[in-house]
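What follows draws every value from the coordinates through simple rules; no lab data is involved. All values reported here derive from a predicted model rather than from experimental measurement. Using ideal geometry, Cβ is built from the backbone for each residue, glycine included, and neighbour counts are taken over all protein chains shown.
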Amino acid sequence: MSTELEQRLRTDMERFTRGVTASPGLAKKAHRHNQRRRAKMRVATAAGSVTVLAAGAVTAAGVTGQFGGASPVRPTQTRATAYVLSRVERALAPANIDNLISYSRAVYPPGFALEPVPGGLAGPSGSRRADSLWAVGYLLNWAYGSSQRFSAYTASGQHVFDMGITTVNGTPTQTAVIYLNRTWWTRDDSKPSGQPGESGQGSCAQRGIRLDDGAGQGWPAFIRSQLSCGAYAVTGHQAVDGVDALKISGPGGQITVLVNPRTYLPMRLAIGPIQQDFQWLPPTVANLAPLKVSVPAGFGQVTPPSRPATAGP
Amino acid sequence: MEDSRAVADLESFLAERGDYLLRSAVLLAGSREAGEDLLQAALERVLRRWWAIEGNPEGYIRRTMYHLAADGWRQKRTWQRQLTLLRPGVSAAAGDPIAEVDLRDSLVRLLIQLPRRQRAVIVARYFEQLTEAESAAVLGCSVGAVKSAAARGLRRLRELSEPGAGPVAAKPTSTRERTP
């Protein structure tokens, strides 16, 4: 039986959609999206391509990483996200995080390689890709303010390189020490490195993880902006070092950040097969000491390589 | 090669039925823009399974679209767009034909306030004019569930459309809805 309401509903729906026409090329567009999606999945699983992601995985405050533009994940727990967001706002207030040293250890799958280059870190390209000189099993990172240090080791613990960024006489300076060939180089980091321009972290995960410098920036701003725009969502809990960490997942579920539910500081970051564990340290003299890169005696100075970073500070 | 044939097949199907599917998608999602996104998402899924589809893909696309809509596909974004559409005194995007429709007395404006699954049942039953059994098949639920969702949806629409029901205050649908 058709009631007056049902009839009116029908009429209104017809009226509401009158003139709506599908534009041509929808199938092609859907196909292109699928191709991009497949490409991203390949990138996440192919070890050779993980290089660029790795640079993203080793990021800390002030370091830029690239990750293929993925469509935002569906916010499955909107209420939980809103709750976390409010907690992040409070817990990660600038005063709380800006005075902590971020120390992290990223572990890479076999066959992974990283090289210090002007502007940051990059995966070796061409014939250098197979060069065992740059094989990296794990990478340590310290970050405090605008200072950074990366120390790379092979899986067996052999020192591969140190790279640091620090301000010397008001000028940001990048220094790299290569242990396996006993060389080092330094450069004025205020000069452009040829690094491609990045979109800001305010963008909704279009370019991946980007942590900017400055008070209140870095992880707090990144988590806040990505939860707000729905690119990242709260997807559950996971135990990390005996703590029931909050799990926040990024585009396509390929990026996972586990945050401490009390402080809301990241405890672990996973990008594909790469895992990075964090500690947040007070800026004591002992904790600040590792930020300085020193050149061992007998190492020869060389000119920096010409290749720009695919990611880095 | 196989991909390009699938795309060509789907394109020619859409040339015939795309408008109709998009109209349903617009009603399910609440706005022209969200409807296009919904249809696009359904097409992407259909293309990924194209090899498994035999015969007319319309049923498959419709089912995918309804499932996405009923499961709160991109709930937040859709909701934000609905807000733009419904906010008093704010017109929808320029160039959107829907923006030109006066919605002040439209039941569609109230329809958007229904829980997603009730809305999906209403669109299936009263826009697409599917039977209860067909609606149940599209939504993947029982005929009884369709009947009760339709009854609840209509009752709610009646209440909302009655004079004195107060200003329309759209609110997000719950993530813990009951199935129809």
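List of remarks:
- Rounded to the nearest 20 debye, dipole of region A:223-313 from Cβ charges on Lys, Arg, Asp, Glu: 200 debye
- When each of the peptides A:294-304, A:136-146, B:135-145 is scored by the mean number of other C-beta atoms lying within 10 Å of its residues, the order from highest to lowest reads A:136-146, B:135-145, A:294-304.
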